[in-house]
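We did not get these values from a lab; they are worked out from the coordinates using the rules stated. Just so you know, these numbers come straight off a predicted model, no measurement behind them. FYI the Cβ positions are ideal-geometry reconstructions off the backbone, even for glycines, and counts take in every protein chain you see.
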Amino acid sequence: MKKLRIAVDGPASSGKSTVAKLVAKDLDLIYLDTGAMYRVATLVALQNKTGDVQKIISIISQNPISFKNSQNGQQVFLGEEEVTDVIRTNEVTNAVSKISAFPEIREFLVAEQQRIASNGRIIMDGRDIGTVVLPDAELKIFLIASVDERAERRYKENLAKGIPTNLEQLKVEISERDRKDSTREISPLKQAADAILCDSTGKTIKDVVTFIEEKVKELSEHRK
Ligand code: CDP
Ligand code: CDP
């Protein structure tokens, strides 16, 4: 089992988690959704009506974040409580950039992400994986798509789930979250110097998965 750590970074709804899960399955890697971890921290802040970072960290320390693979995809837990759906609500989505900008929250979650990655075979998606969490990852992908296409993807996803959504509002919210994530002082969303850019505008999920798996193949050819 060769070491293979893949970092997938990019803006909101660029398809990171969808493609990362498929690559994980094909290549037998652990998949870690780091965005879900920041969403859980945000949920804790909202549920406890607090912006006190030490309190948020202490609650998560006592109720660790965990993931379970099920037939319906990956489930997310805060201690014993399943939070898979509640971390995707608009309330959490619109507050997450604020909570994820706190240095102490990032330090705490990054340490946990690095611990999970120490098994050596993992694909992780987020904003700072290639730059901060796994700066020496074997492969780094920076996945982008136009704001219009990303909003349309999220819109269709919400429609399928029966969540009423306004497309224009979605565009504004996605752009705003990108702006906050890219301009924050600590670990902003940024393409690592050695990351490969993949523009998925007009591309299918399969196209992107194939692109990444080709890069893995090139990597193993190179290592021979
Ligand atoms: O899936 P979506 O693109 O909507 O976002 P996500 O990956 O679930 O991430 C939610 C939020 O968590 C982002 O907007 C960032 O503010 C934050 N995040 C981060 O700061 N660093 C990461 N490695 C992952 C997510
Ligand atoms: O994780 P991230 O926020 O970057 O995006 P996602 O939740 O994986 O993907 C957002 C939506 O875009 C999902 O409904 C995907 O099925 C869809 N999509 C995609 O991920 N990639 C494409 N090339 C086309 C559509």
Worksheet item: Put a dot 7 Å past each Cα toward the Cβ at Ile116 and Lys206; how far apart are the dots in nm?
Response: 2.9 nm
Discussion item. As a footprinting exposure proxy, order Ile116, Ile87 by other Cβ within 10 Å, with the fewest listed first.
Written reply: Ile116, Ile87
Practice prompt. With θ set to phi - 60°, apply the Karplus curve 6.51 cos²θ - 1.76 cosθ + 1.60 along the range 145-150 and write out the HN-Hα couplings as whole Hz, x wherever there is a Gly or Pro.
Written response: 6, 4, 4, 4, 5, 5
Worksheet item: How would you rank 68-75, 211-218, highest first, on the average number of other Cβ atoms within 10 Å across their residues?
Response: 211-218, 68-75
Worksheet, complete the sentence: Pseudo-spin-label distance Leu219 to Thr183, built 7 Å along Cα→Cβ, given in nm, is 3.4 nm
Worksheet entry | Per-peptide average of other Cβ atoms within 10 Å, ordering 195-205, 121-131 highest first | 121-131, 195-205
Worksheet item: Whole number please: convex hull volume per residue of the Cα set in the chain, in Å³?
Response: 124 Å³
Worksheet item: In the neighborhood of Leu189, defined by Cβ-to-Cβ distances under 14 Å, what is the net charge if each Lys or Arg adds +1 and each Asp or Glu adds -1?
Response: +3
Discussion item. If you average the C-alpha positions of the range 111-139 and of the range 1-45 separately, how far apart do those two centres end up, in angstrom?
Written reply: 10 Å
Worksheet item: How large is the helix-only mean residue ellipticity at 222 nm for the chain, computed as the sum of -39500 (n - 2.57) over DSSP H runs with n ≥ 4, divided by its residue count, in deg cm²/dmol to the nearest 500?
Response: -16000 deg cm²/dmol
Discussion item. Which of rounded, prolate or oblate describes the range 1-59 when judged by the alpha-carbon gyration tensor and an a/c cut-off of 1.5?
Written reply: prolate
Discussion item. Show me, for the range 190-201, the HN-Hα J-couplings you get by feeding each phi into the Karplus relation (A = 6.51, B = -1.76, C = 1.60, θ = phi - 60°), rounded to Hz, glycine and proline as x.
Written reply: 7, 6, 5, 4, 9, 8, 8, 7, 10, 8, 8, 4
